Structure formats: structure tokens, C-alpha cells
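To keep things clear, I will list the structure first and then write my remarks on it.
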Amino acid sequence: MSSIATADGVPVDPDDELLVAYLDGELDAQAENDLMTRLLDDQTLNQRLQRLQEGWEWLDELPDVTPDEKWVETTLELVVADVVKTQRQGSSVWSRYRWPLTILASCVAGVLVSLWVVSSIKSNEYRQQLIDLALAESLDAYLDGSDVTLMRQLVADPAWRKMIAMSREVGELPDVTPTVVADATLEERERMIASMSLEDRARLASRYERFARLGTPRRESVRKTAAAVAQQADAQSLLETMQAYAAWMENLPTELRDQIESENAKVQREAIKKAISVTQSSNRKRSRDQLDDETVERIYFVLQEILQQRLDDRELATTKHVDAVKRLAGHRNFEPYAIFGIVYSGFQRSGRGPPFGLRSLPGPGPGPGGRERPPSLRSDELEQIRAILPDYALDRMDVLSEGDSMAETFAVRSLILRSWAEETAWRKMPKNGRQESTLLDRYNELSPEERDRIDLLPPIDMIKRITRSRGRYP
Amino acid sequence: MLRVRDDDVGAFEELVRRYQARLVRLMHTIGPRRDLAEDLAQETFMRVYRARKRYEAGAKFSTWLFTIAGNVARNAARSLGRRHEVSEVDAPRADDAPSGPQLLAATALEASGMMPARLVEGNERAEIVRAAVEALSERQRMALMLSRFENMSYAEIAESMDLTTKAVKSLLSRARVNLREILQPYIDAGVIPPEVQS
């Protein structure tokens, strides 16, 4: 058991503390001087100092440690090993799951990126679709009417404007269809499309699909055209012109279309003039086909009056014609045939011919066999017909016959009235064969060459052709 | 040390070379067992390297180093103490390298009949001093070593040991007085002091 209290808490003699501080050089100058004075006077204190110092000096007996190069190397190796171990420990979890975590993170990142990209692409695609839908709505206009200069020339051409108006009147061209999608903002378009009728939506979808099927260069061309048109002050009317032009071109023969699209201005001008004439002629025919029963009855009533008037006036050619018809058709049913003979008396000039069975009837003037034909409808007789037309038919007549001059208007009106009279006479013919004979009968009546041509047509066109071919267009 | 902080391995090697002897000597004194001194010194260097990024420019490296060394020694003592408690239950510990007062006591007892002149020769005298130092408390030993061999001021010792300067002053006073009192019988008459016999 130790007899010396070595514990830290045991109090130390203040003099010992002072002496130790002195030995350690921790006393300030004053304290050191005071101690030196005491040491000179106090022998006991001096001895205590010496003993403290002596014990301190015995510490030199502790062995020195010799530097050991190998120990240094070992220490460094241990430190390096420790660093490596620490790094491994620090990353042990990461190391263990590094690859799975990396793969998982890559997959998650990949999925997120893919989702973002797909979402972005879809968003952009959807936005582009909304933009393109507006173009698809007027696709034909942008495709065919991209020549803005030509469009402006056509708008300035009264003949073209009248032709377009007439075509719309007879339904040859569709009325101006206001754009729905294009007029709405991008944000409104989705709602706008949703509110469209099923038919309109289907039509729009069909146009869009057609637009989508275009090659990239053509799609870009359409976009550029649309952008150019949108920048025009009269963008809306210009677009309507383009729409009308595109619809008009669709009904024209290919050759004429090519000429209209020619870069040769003269060729283009002539082609447009010719195309307008062709369209007008077609419009007149169409107006004839569209005559309603009321108009037909009124016209036929006038034609009966005209026949009676001619007979009352003992007009020689008409009288002979009626007598011949009576011999062929009988006294009871001669009137339709007689009227038909009068109305169609000019068929050789117009290229029309009488229906089957009537080719032996006398025509106007010296006809085959030297027989006289009844004179065709005179101007005053045509005016009689016009006077009795219903108001709506008169309105249509005015639209169809509008010309640059009175003479032109009169001439066109005469042509229309004559064609309407022909149509009336045709419809009033008994046993004209159209209703009684079947399509197959009519098909079999055609020449082999004609049948070959018809065989290649779509069914609807085939029916139309067979129907038309029945006597009206020999 | 600033270079070490910046991962300069060469600088660290230089530090190890400069401080290895001093650190091993310190561990001989303050460590729980002398045979562990070198291991504890290496442990201290490893901790220095691990903690290099926390070293603050301006701090005295030796102060920082001996702070870590003190912690390492204390931890080792605690760890050994726990292990000793466990092993004592089953079997007596192999005492290949007895340390501290026990060793000195054994040596002194064997030499109790010898003349001081013989005892003071060679390693035996060193063993007496070492046993006397080891008879001091751990903190006194630490303060003593830092003051005597590292020439550190009270303030520096206080910083290393996380004490006040006044506390260091008291510690060193007790250490000197205790050391004097332990060694005095031996110095004066060659008598093995009872403190180092027990």
C-alpha cells in the first residue's frame, strides 16, 4: 500500500507549488525575485527545491527511444491500410449494392427521362396536330391555291367570279365553308373539335390524315403557304378564293388543269377562259337536271300553249310535224312527241338527239327525206316560258345568266331556257324508256367499246354513265 | 501538418519520423502497458491521419498530437481494464511483460538484499524511475512527460489535456512532490520505496 498520496485531488503545499513553478520557469519576474530572496534566507526551502529538482532529474534515467526506420514504415503501412479500410467501410454499403443500385438508378432515370421525353414529344406532337388541323381544314386550298398572285388575278376576273357563283348555285361547287378550327385559338381547338358534329369531325380527320400522308417537304410547303396567307390583309377572302379555286380545279379535265398551272401567262390565261366556259356549260346542264316538278309543269304548260298557238297560227312546218307525229303516235298521245320535236328541233346543232324511236321524226327545215322540221323555240316563246317560271327558278336563272352585257345575259338566258325546255319535253315523254328499262338492259344496249370503258369505272360512275347514255347523249 | 491535411503523404511520413520516438516514449509512460507503447503510438498516428482534415491552421501540432495520444492511451487503458476483468474470471493472465508498479515491485523485492550501488546500475535504475513514474496518477504522468520531455508550457499542457493552466500547475506540483517522495528513500539510502513495492 502506498504511503504517498498520489491522487490528483490531494492538496499540495503552496511552497511546493511555488517551487515547482519556479523550476518550470512559470513564475513571473516578481514572484521569481521573491522566491529567490526566500531561498537565500530559508535553507529548508532551498533543500526542498533541490529535492524537487533531483527527483525531476532522475527522470533522465528513463530510457530513450531509438528511432526505428522499420517502425516508421510499418506505421505508414498501417495508416495506408487504415485509409483503404476506412474507404471500404465508408463505401461498403455502396460497394455491396453498387451495381444493383446503379442499374436501378439508371433504370429509374431512364424511365423518368423517357417519360419526360415521351410526354414532351406527345405534348409537342399534340400541339403540332392542333396547328396542322387548321391547315388540314383548308388543305386543298393550300395545296392548289398556293399561287397567291393567280388567286388575286382570278378574284379580279368577273367571269371567274360569276362562274364560281353559278357553280355554287347549281351545287357544282360547295358553298363557302367557314373555317372552324383555324378561327379558334390553340387552347380552344380541342373544345371546338369536340363540339363538331360527327360528320364534320370525320371529314376533318380524313383531311388531316391526307395532310399527314404528304411528304415532309409538301407539309412544310403547306405550312409556309398558310403562314404567307395569314399575313395578308385580306387573308380570309383570299383563303375563300383558294378554296373555290381548289374545288373548281378538281372538276376540270387534267389537260386544262395543267394549262392553268402553266408558267406561261398566255397559256394560263387562255386555259382559265376555256375552263370557265366549260364549267358554265356544265352548270347549265346541271341546272337543267335539277329542275323541280313545279317548274317542269309550268314550262310544259307553256310549251303546250306554244304548240297550240303554232297550230292555231297554221304554221306549216309545225302542222306537218304534228300530222307526222299523229300518224306515228296516234291522235291521243301525239302532244308530248310533237312538243319534243319542236324543242329538240335544233339537236343537230347542239349535239343532242331525240330519244330512241323518234329519230325518224322530221326536224326543222329540210331534213332527211326532204321533210320539213318544226322551227325551234323562238325568242318570244322562250320569254313566255321565263315569264311563268316560279320565283326561285327565276332567281336561279338570273344568277346563271348574269353577263357582262345585256346581250350576253340574254344569250345565256336563252340557252338556259332552251335546255330547261328540252329537259321538260324529255321528262314528259311517255315511255321514254328511262323508268321502264333496267340498268342491265341499258348496259346491254351499249356498244362493246362503251361497255369496255364503263367496266373500268367505279360502280357509282358506272350507274351515272349508263343513266346518261340513255338517249340523251347518243 | 498543413501539407498532411492536403493529403501530402510525404509530409505525413516526415511527421512520423519526427515524432515517433517522442510519442513511443510518451506511450511507455502514459500507456497501460509498455509493450503496447509502439502499437499505441501507431494508433495515434493513424488517428492523426484520419483526423487530418479537422486540423486547424495555427494550432501547434505537438499539442494536437499529444491530445490525441492521451485519448488513445486512456481508451487503451479502459479497453484493457475491461478485458482484464473478463479474463481474470477464468484464468490468470499471462504476464509476459509486466508493467508499472507490479514489475518494479517484483524486481525490487528480488533485489531487496542488494546494495544500492548495484541497483542503480543499468536498466535497474531506469526501472526504479519508471516504476516511480507509473506510481503517479495518469494525469500527473501525462503532465509530467509533456513538461519534462516536451518542454511544453503550462498553457500548452492545459490545451493538450483539456485542463486549466491552474489545474496543470497543481498537477505538476503534485507530480514533482510525489516523485520526489517516492524516489527520496532510494536516492538517499538505496531503500526501495514501499510505493513501488506494492
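Taking segment A:10-86 and the helices (runs of 4 or more DSSP H) fully enclosed by it, the elements with 1 or more residues that are at the interface with another protein chain (Cβ under 10 Å from one of its Cβ atoms), more than 21 Å from B:Pro185 (Cα to Cα) and charged (D, E, K, R) are at A:14-23. Contact annotation: residue pairs with Cβ atoms under 6 Å, 6 or more positions apart or on different chains, pairing a residue in segment A:395-410 that is within 14 Å of A:Arg284 (Cα to Cα) with a partner that is basic (Lys, Arg), are A:Ser401/A:Arg413; A:Glu402/A:Lys162. Only a single item in (1) modelled with pLDDT of 80 or more; (2) more than 9 Å from every other protein chain (Cβ to nearest Cβ); (3) surrounded by fewer than 19 Cβ atoms within 10 Å (Cβ to Cβ) is not met by B:Gln184, and it is number (2). Residues in segment A:432-457 that are at pLDDT 75 or above and assigned to a loop (DSSP other than H, G, I, E, B): A:Leu446, A:Ser447, A:Leu456, A:Leu457.
Take A:Leu62 and tell me if it is crowded, with 18+ Cβ neighbours inside 10 Å and either free of Cβ contacts under 8 Å to residues at least 24 places away in the same chain or within 60 Å of the chain's Cα centre (by Cα) (or both). Taking the combined requirement at face value, the residue satisfies it. Contact map, segment A:338-351: first residue under 16 Å from A:Lys428 (Cβ atoms), second residue modelled with pLDDT of 85 or more and among the β-branched types (Val, Ile, Thr), Cβ cut-off under 6 Å, separation 6 or more or different chains; pairs are A:Ala338/A:Val322.
Within segment B:28-78, the set of residues being in contact with a Pro (Cβ under 9 Å, 6 or more places away or on another chain) and over 26 Å from A:Pro63 (Cβ atoms) comprises B:Arg78 only.
Restricting attention to segment A:330-352, the residues being modelled with pLDDT under 75 and in a helix (DSSP H, G or I) number 6. One residue alone among B:Leu15, B:Leu23 is part of a helix (DSSP H, G or I), farther than 24 Å from B:Gln140 by Cβ and in contact (Cβ under 8 Å) with a residue 12 or more places away in the chain, and that residue is B:Leu15.
Note on segment A:1-40: residues that are at pLDDT 85 or above and not basic (Lys, Arg) amount to 26. Checked against (1) surrounded by 15 or more Cβ atoms within 10 Å (Cβ to Cβ); (2) within 22 Å of A:Ala271 (Cβ to Cβ), A:Val180 passes all but a single condition, namely (2).
Against the conditions (1) surrounded by 18 or more Cβ atoms within 10 Å (Cβ to Cβ); (2) without any contact (Cβ under 8 Å) to a residue 24 or more places away in the chain; (3) out of contact with any His (no Cβ under 9 Å at 6 or more places or on another chain), A:Trp56 satisfies every one except (2).
Taking the criterion of being among the polar types (S, T, N, Q), surrounded by fewer than 16 Cβ atoms within 10 Å (Cβ to Cβ) and either within 11 Å of another protein chain (Cβ to nearest Cβ) or in contact (Cβ under 8 Å) with a residue 40 or more places away in the chain (or both), the only residue of segment B:154-171 that qualifies is B:Thr165. Against the criterion of being farther than 30 Å from B:Ala155 by Cβ and modelled with pLDDT of 80 or more, B:Ser79 qualifies.
The set of residues in segment B:44-59 being more than 15 Å from the chain's Cα centre (by Cα) and in a helix (DSSP H, G or I) consists of B:Phe45, B:Met46, B:Arg47, B:Val48, B:Tyr49, B:Arg50, B:Arg52, B:Lys53, B:Arg54. Taking the criterion of being crowded, with 22+ Cβ neighbours inside 10 Å, under 51 Å from the mean Cα position of the chain (by Cα) and not β-branched (Val, Ile, Thr), the residues of segment A:299-350 that qualify are A:Phe340, A:Tyr344.
The values are calculated or read from the model by the stated rules, or taken from the named source; none is laboratory data. Bear in mind the structure is a predicted one, so any value in this text is a computation, not a measurement. Cβ coordinates were reconstructed from backbone atoms using ideal geometry, including for glycine residues, and neighbour counts include every protein chain displayed.
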